[in-house]
Amino acid sequence: MSFEFIKKLPTPDEIREEYPVPAKVREAKKIRDEEIRKVLCGESDKFLVIIGPCSADNEEAVCEYVRRLARVNEQVSDRLILIPRIYTNKPRTTGEGYKGIVHQPDPEKGVDFLAGLLAMRHMHIRAVEETGLTAADEMLYPENWRYVSDILSYVAIGARSVEDQQHRLTVSGFDVPAGMKNPTSGDFSVMLNSIYAAQHPHSFIYRGWEVNTSGNPLAHAVLRGATNKHGNNTPNYHYEDLMRLLEMYGKMELKNPAAIVDANHSNSNKQFEQQIRIVKEILHNRKLNPDLKRLVKGVMIESYLEEGSQKVGGGVYGKSITDPCLGWEDSERLILDIAELE
């Protein structure tokens with residue numbers, strides 16, 4: 001019934017000193033941040049595709065995936081901005097299971113947070129160095145932001161975190177876009193209240209400091225479906241759902257109204273292959289209504305080198321050990337289809 005303090009971990013400044021960001025990565029981030037900002041502010045018609053593994057469990061496989069993504073990016077960069085998912089923390093509904101590379105740099109070994117923090121930073125930097133594509137990560141633990149704030153170009157706040165005040169206030173200090181997912185209940189008002197909080201300045205305690213934040217005008221909605229009281233998944237990506245979000249956005253004083261649709265999770269009923277159909281429906285709805293085209297700025301897709309999922313220790317290189325994902329061939333085809341339909 002108490003805490004056992006194991007060891008004090010390095011501060012973000014100490015980790016940054018050990019793994020500094022090369023000039024090449026800093027320049028790539030500066031350019032990419034501006035490109036993504038323009039999309040969310042309505043200054044660019046490009047479409048965001050946030051795509052990659054459910055969890056970044058293996059540096060070699062993740063970096064190979066991002067290298068493949070970079071080759072596709074060369075074909076579609078006039079219409080799309082591809083943002084690789086490199087998710088280094090994994091929320092678990094019951095607290096059981098693999099929690100991401102920060103917990104376990106090797107999923108088959110025990111917890112090692114020091115090695116995990118180093119592995120997280122090393123993998124992110126390496127991916128950008130090799131491809132020029134800065135990534136998205138989920139900020140499951142708000143205090144981790146400072147370990148990667150000089151690398152990431154996009155941050156997601158998950159369905160179980162979006163109602164938490166510390167997450168909302170921390171996002172208000174981010175200088176990159178933050179996608180605030182609807183909670184598992186599906187309540188849009190909770191998500192929009194989170195966006196409102198994130199877009200405004202705050203004073204609070206963060207990592208032992210009294211801090212002030214200026215607000216993040218790039219905080220926006222992410223629709224990921226819902227789970228009802230009977231435990232059944234219900235989607236919220238259909239035309240009427242998008243129109244309802246648009247109407248609710250209009251009633252609040254929010255900057256840069258924008259939405260990303262997560263094609264997996266409760267929207268697909270965790271049927272990963274349905275992501276292809278769902279993404280195409282989103283694109284169709286954008287074509288039907290100019291207001292929805294202005295609102296919906298992109299999609300999230302779970303994808304890896306091999307389709308499906310496996311248990312930890314399954315031994316298949318590039319196959320998810322958490323939620324099942326699209327395989328590479330289907331993913332590449334889907335990206336090219338998105339570019340063509342856009």
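Could you say which residue among 249, 237 is in contact (Cβ under 8 Å) with a residue 24 or more places away in the chain, closer than 20 Å to residue 138 by Cβ and aromatic (Phe, Trp, Tyr)? If you could, list the steps in order and put the result at the bottom.
Numbers: 249 fails: closer than 20 Å to residue 138 by Cβ.
That would be 237, the only listed residue that is in contact (Cβ under 8 Å) with a residue 24 or more places away in the chain, closer than 20 Å to residue 138 by Cβ and aromatic (Phe, Trp, Tyr).
Of these, 67, 79, 85, which one is charged (D, E, K, R), surrounded by 13 or more Cβ atoms within 10 Å (Cβ to Cβ) and in contact with a strand residue (DSSP E or B) (Cβ under 6 Å, 6 or more places away or on another chain)?
Values: 67 fails: in contact with a strand residue (DSSP E or B) (Cβ under 6 Å, 6 or more places away or on another chain); 79 fails: in contact with a strand residue (DSSP E or B) (Cβ under 6 Å, 6 or more places away or on another chain).
The conditions single out 85.
Tell me whether segment 119-133 contains one or more residues that are part of a loop (DSSP other than H, G, I, E, B), touching a residue at least 12 places away in the same chain (Cβ under 8 Å) and buried (at least 19 other Cβ atoms within 10 Å of the Cβ).
For segment 119-133, residues part of a loop (DSSP other than H, G, I, E, B), touching a residue at least 12 places away in the same chain (Cβ under 8 Å) and buried (at least 19 other Cβ atoms within 10 Å of the Cβ): present.
Quick one: is residue 296 aliphatic (A, V, I, L, M), modelled with pLDDT of 95 or more and in contact with a helix residue (DSSP H, G or I) (Cβ under 6 Å, 6 or more places away or on another chain)?
yes
Please find, among 33, 57, the residue that is among the acidic types (Asp, Glu), surrounded by 17 or more Cβ atoms within 10 Å (Cβ to Cβ) and part of a helix (DSSP H, G or I). It would help to see each step written out before you state the result.
On the way: 57 fails: part of a helix (DSSP H, G or I).
When all the criteria are applied, what remains is 33.
So, in segment 1-30, of the ones that are among the aliphatic types (A, V, I, L, M), over 26 Å from residue 302 (Cβ atoms) and at pLDDT 95 or above, which residue ends up farthest from the chain's Cα centre (by Cα)?
Only one residue tops the list, namely 23.
For a quick check of your reading of the model, give me the residue pairs whose first member lies in segment 199-225 and is within 26 Å of residue 188 (Cα to Cα) and small (Gly, Ala, Ser), whose second is assigned to a loop (DSSP other than H, G, I, E, B) and modelled with pLDDT of 95 or more, with beta-carbon atoms closer than 6 Å and at least 6 apart or on different chains.
Listed pairs, sorted by first residue: 214/201; 215/172; 215/200; 215/201; 225/235; 225/236.
Keeping to segment 256-265, report how many residues are in contact (Cβ under 8 Å) with a residue 60 or more places away in the chain, aliphatic (A, V, I, L, M) and in a strand (DSSP E or B).
Of the residues in that region, 1 qualify.
Looking at the structure I just gave you, is residue 64 more than 15 Å from the chain's Cα centre (by Cα) and touching a residue at least 60 places away in the same chain (Cβ under 8 Å)? Working first, answer last.
Values: more than 15 Å from the chain's Cα centre (by Cα): yes; touching a residue at least 60 places away in the same chain (Cβ under 8 Å): yes.
It is true that residue 64 is more than 15 Å from the chain's Cα centre (by Cα) and touching a residue at least 60 places away in the same chain (Cβ under 8 Å).
The values are calculated or read from the model by the stated rules, or taken from the named source; none is laboratory data. Note that the structure is predicted; figures quoted are calculated from it, not measured. So basically every Cβ, Gly included, is an ideal-geometry build from the backbone, and we count neighbours across all protein chains shown.
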